[in-house]
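Enquirer: One structure coming up, written as structure tokens, with questions to follow.
Where a number appears in this text, it was derived from the coordinates with a stated rule and is not lab data. Every value quoted in this text rests on a predicted model; they were computed, and no experiment measured them. Positions of Cβ are generated from backbone atoms using ideal geometry, with glycine treated the same way; all protein chains shown enter the neighbour counts.
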């Protein structure tokens, strides 16, 4: 185990993170590395004594702590990874809790106001699919930016400008969806331009925004 990163190597393939990463940053980096693998993996998190088990084969996790009670900036997050034996019984009781909410929350807090280190500067990002964030309470600005990302490619700066939110908030949001693993990347997509609808015509994202508010009970 690295005292700085809190990473514990389980059975190979091992997931490692730079030693300067701590707290949620180490967990997010391990999650991103696992998502690049073809080998099914299980990840155990110990967040200041609270245990969470993530089963990537079933896109689910188990843990008794409500996500609202997870610390935004934990002092220690211990991470243990191991390969999943698909012939064995699942390590969590299925269907488990939807993984999107947990991964988004980890990514949102992992790197402060800076972009995740694997995001490419200048590239634009768009949602591959709608996230399942039923365990979270998103702000109206976050719902609005999510709707925009579902409708077009954007950098975090363009997203912030279009939604009239601080750039750091948009970077955190993009970090969250990147940690969930549901962003498409483009080097050639056109810039996101805040549309000014004609009188009587709805903004293209209005319908998406309304549906997301209804979906998440906002």
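Enquirer: Which length gain, in nm to one decimal place, applies between residue 130 and residue 38 when the Cα-Cα distance is subtracted from 0.36 nm times their residue separation?
Expert: 30.8 nm
Enquirer: Once you put a point 7 Å from the Cα of residue 50 and another 7 Å from the Cα of residue 87, both along the Cβ direction, what distance in nm separates them?
Expert: 3.8
Enquirer: For residue 137 and residue 168 in the same chain, what is the full-extension length gain: residue separation times 0.36 nm, less their Cα-Cα distance, in nm?
Expert: Numbers: separation 31, 0.36 × 31 = 11.16 nm, distance 1.87 nm.
Here the segment from residue 137 to residue 168 would lengthen by 9.3 nm.
Enquirer: Please find the FRET efficiency linking residue 94 to residue 187, where r is the Cβ-Cβ separation and R0 is fixed at 41 Å, and quote it to the nearest 0.05.
Expert: Values: r = 39 Å, r/R0 = 0.95.
The calculated FRET efficiency here is 0.60.
Enquirer: Mind putting together the pair-distance distribution for the stretch 7-110? All Cα pairs, 5 Å bins, whole percent per bin, short to long.
Expert: Spelled out bin by bin, the stretch 7-110 gives 2, 13, 26, 27, 20, 9, 2, 0 percent.
Enquirer: By how many nm would the segment from residue 123 to residue 65 lengthen if fully extended, with 0.36 nm per residue of separation less the alpha-carbon distance?
Expert: 17.3 nm
Enquirer: A further question on this structure: What ranking do 130, 104 get, fewest neighbouring Cβ atoms within 10 angstrom at the top? Walk me through the intermediate numbers first.
Expert: Values: 130 16, 104 27.
Fewest-to-most Cβ neighbours within 10 Å comes out as 130, 104.
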